[in-house]
Structures are given as C-alpha cells and as structure tokens.
1. Using modelled backbone amide H atoms (1.01 Å from N, in-plane), which distant-in-sequence or interchain residues come within less than 5 Å of D139's amide H?
2. To test your reading of the geometry: what angle, between 0 and 90 degrees and rounded to tens, separates the Cα axis of helix 374-383 from the longest principal axis of the chain?
3. Once label points are set 7 Å from the Cα along Cα→Cβ at both A102 and D226, what is their separation, rounded to one decimal in nm?
4. Longer than 23 Å from Cα to Cα, which of K58/K298; K70/K329; K170/K378; K79/K329; K58/K238 are they? Say none if no pair is.
5. Could you give me the ³J(HN,Hα) list for the stretch 131-144, computed from phi with Karplus coefficients 6.51, -1.76, 1.60 and θ = phi - 60°, whole Hz, x at Gly and Pro?
6. For the chain, what is the relative contact order in percent, using Cα pairs closer than 8 Å and at least 6 residues apart in sequence?
7. For the stretch 252-260, in order, what is each residue's ³J(HN,Hα) by Karplus, 6.51 cos²θ - 1.76 cosθ + 1.60 with θ = phi - 60°, in whole Hz (x at glycine and Pro)?
8. At 222 nm, what value in deg cm²/dmol follows for the chain if DSSP H runs of at least 4 each add -39500 (n - 2.57) and the sum is divided by all its residues, to the nearest 500?
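Coordinate-derived values only; no laboratory data. The structure presented is a predicted model; accordingly, all values stated were derived computationally and were not measured. Here the Cβ positions follow ideal geometry from the backbone for every residue, glycine too, while neighbour counts run over all protein chains shown.
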Amino acid sequence: MFNSKRLAPVAAAGVLALALTACGGSTGGGGGGGGGEADGPASQNLDARGPITYVQGKDNSDVVRPLIKKWNEAHPDEKVTFKEQSDSADQQHDDLVQNFQAQNEEYDVMSVDVIWTAEFAAQGWLQPLEDELAIETGDMLPATVASGTYNDTLYTAPQSSDAGLLYYRKDLVPKAPETWEEMMGMCDIAEENDMGCYAGQFAKYEGLTVNTVEAINTAGGDILDDSGKPTLETPEAKAGLTNLVEGFETGNIPEQTITFMEEQSRIAFQDGDLLFLRNWPYVYGLAKNEESSKVQDKFAIAPLPGRDGPGASALGGHNVGISVYSDNKATAHDFVEFITSPETQKFYALQGSLAPVLTDLYDDPELVKELPYLPVLKTSIENAVPRPVTPFYPAVSKAIQDNSYAALQGEKSVDQALADMQQAITSAAAGS
Ligand code: GLC
C-alpha cells in the first residue's frame with residue numbers, strides 16, 4: 001500500500017533540482033514572485049474592466065458554455081467570449097505559448113494544466129494573483145493550491161482537480177482488482193466476452209507521460225529523487241514500465257490503444273469494448289448519462305490498482321490564470337473568482353463530474369449522492385503524485401513520452417528506454 005509517508009517527500013521533491021538554478025534568466029516581468037518591473041505588462045490594466053476571452057481545451061463535459069451564459073447575463077458590459085481549443089493537452093499548451101509570445105491581449109483568462117504553471121510563470125506570462133488580483137485559497141485542497149504556486153507566489157487559481165481512476169465493468173468482474181497482477185489475472189474474462197482488457201492513454205502526448213509516471217510510481221519508483229534528480233534506472237521504475245510493455249506484448253492492453261487519448265479510451269469503454277479503463281473523473285458523467293453509452297449501469301469506479309494495494313495516480317487538473325497582456329484584468333479577476341466559487345465548483349461536479357477544488361464539497365450530501373465515488377476520488381487526489389515541477393516541463397514530458405512510446409512499440413528495451421529517459425531529463429534540467 002502506498003502510504004502518504006512515502007508520497008509526501010516525493011511530492012516535495014517533485015521540483016526538478018537543476019531546473020531551478022537554470023531558470024534564472026526569465027523573460028518578461030514574472031519569474032519569481034512579485035509583479036515584475038514597475039512599468040512591465042504585469043503592472044498594467046489592473047483596474048480595467050470590459051469584455052474578455054476565456055481560453056480552454058475542448059469542453060467535453062459541456063460545462064463552459066452554461067457558465068459563461070450565466071456570467072454574461074449578470075455582466076452585460078464585461079462579457080466573456082469562449083475560445084475553445086482542441087482536446088489534446090499538448091496542442092492546448094502550444095496554442096497558449098504562441099499567443100503569449102505574440103502578446104495577444106485577447107487571451108485574457110486561460111485554463112492552465114497543473115504542469116504548465118512553472119513554465120508560464122517563469123516566462124513572465126502570468127499575472128501574479130496577489131494584491132487587488134488576489135484569490136482566496138484557504139478552503140481549497142492543498143495539492144491544488146501548490147499546483148498554482150511558483151516561487152511562493154500564486155500564479156494560477158485552482159479550477160478543477162483530477163486523479164486517475166479505474167473504471168471497471170461491475171457486471172463482469174466479481175470485484176474491483178486491487179493490484180495490477182490481479183487485474184491482469186482477470187483478462188480472461190475480457191477474452192470470454194470478446195472485448196479488450198485494459199486501456200489507458202498511450203498516444204504520444206501528455207497522457208502517455210501521465211500513464212507512464214503512474215506505472216512507475218505505482219511500482220514503487222520515482223521520476224525524481226528527494227534532491228530533484230532523475231532516478232529512472234531503478235528496479236522499481238523498470239517493473240513499472242515493464243507492466244505496460246508486457247500488457248501490450250500479451251494483448252491484455254489491445255494494440256489499437258497506442259493511438260488513444262482520453263476521449264478515444266472513454267468511447268471504447270462506453271461502447272462496451274473494454275473491461276477496465278484508466279481515466280479521469282469526467283468520464284463518469286458521460287458514461288452514466290450519454291444516451292449512446294452502453295454501460296450506463298454496468299460500471300463502477302475504484303482506485304488505480306497497485307503493487308500490493310492501491311496504486312499511485314498522477315495529480316492532474318486545471319487552474320485558471322490571467323495573462324499579463326490582458327486589457328481588462330479587473331474583469332478577468334472577477335471571472336476567476338466566479339470559476340472558483342462554491343456554486344461553480346458544485347456545478348462542475350454535478351454537470352461534468354469534475355473533481356472540485358474546494359475541500360468541503362467532498363462531504364456535500366447532494367454531491368455524494370450524485371457522485372458515489374467522491375470519497376475514492378478525494379483519497380486519490382490526496383495521494384496523487386505531482387509530475388515534476390519545472391519551467392522546462394515540456395522537455396521533461398517529451399523525454400518520458402518518447403521513450404515510453406518506443407518501449408511500448410517494442411522499438412527499445414525497457415532498460416534502454418529508462419536510460420534514455422534519465423539522460424534526456426538530465427539535459428532538460430540543464431536547460432539544453
Ligand atoms: C487531464 C489532466 C491534466 C493532464 C491531461 C493529460 O486533462 O487534468 O493534468 O495533463 O489530462 O492528457
């Protein structure tokens with residue numbers, strides 16, 4: 001069982017050691033707390049009000065439009081326009097980077113994946129949420145607040161949290177598997193029912209980083225050690241990646257899942273083609289309520305299976321940030337407050353089965369009734385392991401994705417993939 005004793009120091013050590021020293025030369029006005037230079041973009045338009053744009057990835061759960069409608073009815077002079085990006089985390093990231101680089105004042109408020117705060121803040125692209133732009137975080141899950149904080153300054157406000165969960169067909173398996181081995185042992189049930197056994201997200205993008213990190217953490221390995229150095233050439237990391245590789249070799253993880261991102265894997269599960277699925281909480285609402293779902297009453301949720309008890313999820317989720325180039329930062333601030341309010345957080349949970357960032361909502365009777373897995377989710381979030389915190393995160397993630405993908409495809413041995421990952425993360429940390 002992974003107890004919090006082991007996880008806590010890892011979480012603390014999630015900060016990539018060398019990167020912190022290597023990121024001194026940030027551009028722009030952020031990069032380490034405070035509002036930057038007195039006349040830099042972070043000091044401008046702080047009191048300005050007017051129309052703004054909110055940028056976010058594909059609204060799979062249909063929560064954004066109703067929220068913006070509600071806001072716009074109450075704020076006719078400060079209307080929000082929704083700019084919807086694609087559903088790939090990597091494309092969302094690149095779109096934000098391009099628009100920050102272009103100093104696009106129309107990208108006012110943006111959804112920031114928990115792994116991007118360090119990079120965007122170090123570049124000076126995010127408005128520090130302090131002074132008149134401060135956001136109250138006292139009632140939020142500490143891990144979500146930590147994900148929005150860089151160099152002791154809050155740069156992004158928690159919006160929705162995320163942890164990996166195991167969706168399983170309760171009509172076909174006697175009980176949820178608690179370990180990876182137990183789950184693999186149930187794959188003959190999948191075969192008898194002419195369906196795939198297990199899927200996660202294995203296309204070459206951030207989702208593969210998540211699935212790889214979870215496999216490694218779950219087997220007792222770590223991406224970084226306590227001093228923040230990569231530590232991938234260990235028997236535990238090897239055992240973790242081997243689990244995925246063997247899954248592909250045996251067919252317990254169907255070959256076609258190598259192209260799966262979140263949505264493809266959700267749809268395969270909803271179509272009744274999978275016995276087990278690793279995915280985020282948003283899947284619950286859609287698999288339960290979408291008319292096309294063939295599994296509406298046939299599935300349940302359990303913690304990710306581990307080595308000898310629950311596995312370790314990666315901490316996911318999204319925060320909201322305000323661009324330093326925004327024209328209307330006072331409106332942007334109020335919109336961020338609206339997103340983090342208890343009403344909106346409850347709406348996210350009821351409408352989209354998204355994980356609230358407000359601690360109290362996990363005990364809210366109405367929510368617990370509608371979302372019976374909330375206690376499992378809260379435990380998964382509390383025990384979730386953050387991905388490395390570094391301004392060079394894209395390079396770190398690429399090192400993990402590329403090498404994991406090559407191993408899953410049988411193009412590299414697990415040992416080689418881990419050695420190459422170790423090497424590439426070390427280079428990324430040096431800023432090269
Ligand atoms: C989810 C998570 C996010 C993660 C992404 C990977 O959106 O909330 O943190 O990076 O999936 O695809």
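1. For D139, no residues qualify.
2. 80 degrees
3. Using points 7 Å along Cα→Cβ, the separation is 4.8 nm.
4. On the way: K58/K298 27 Å; K70/K329 20 Å; K170/K378 21 Å; K79/K329 13 Å; K58/K238 35 Å.
In this structure, K58/K298; K58/K238 exceed 23 Å between Cα atoms.
5. So the Karplus estimates, Gly and Pro as x, are 6, 5, 9, 5, 10, 6, 10, x, 9, 9, 4, x, 5, 6 Hz.
6. Details: 887 pairs, mean separation 119.4, N = 432.
Contact order relative to length: 28 percent.
7. 4, 9, x, 3, 5, 6, 5, 9, 7
8. Numbers: 18 runs with 180 residues, N = 432.
Calculated from helices alone, the mean residue ellipticity at 222 nm is -12000 deg cm²/dmol.
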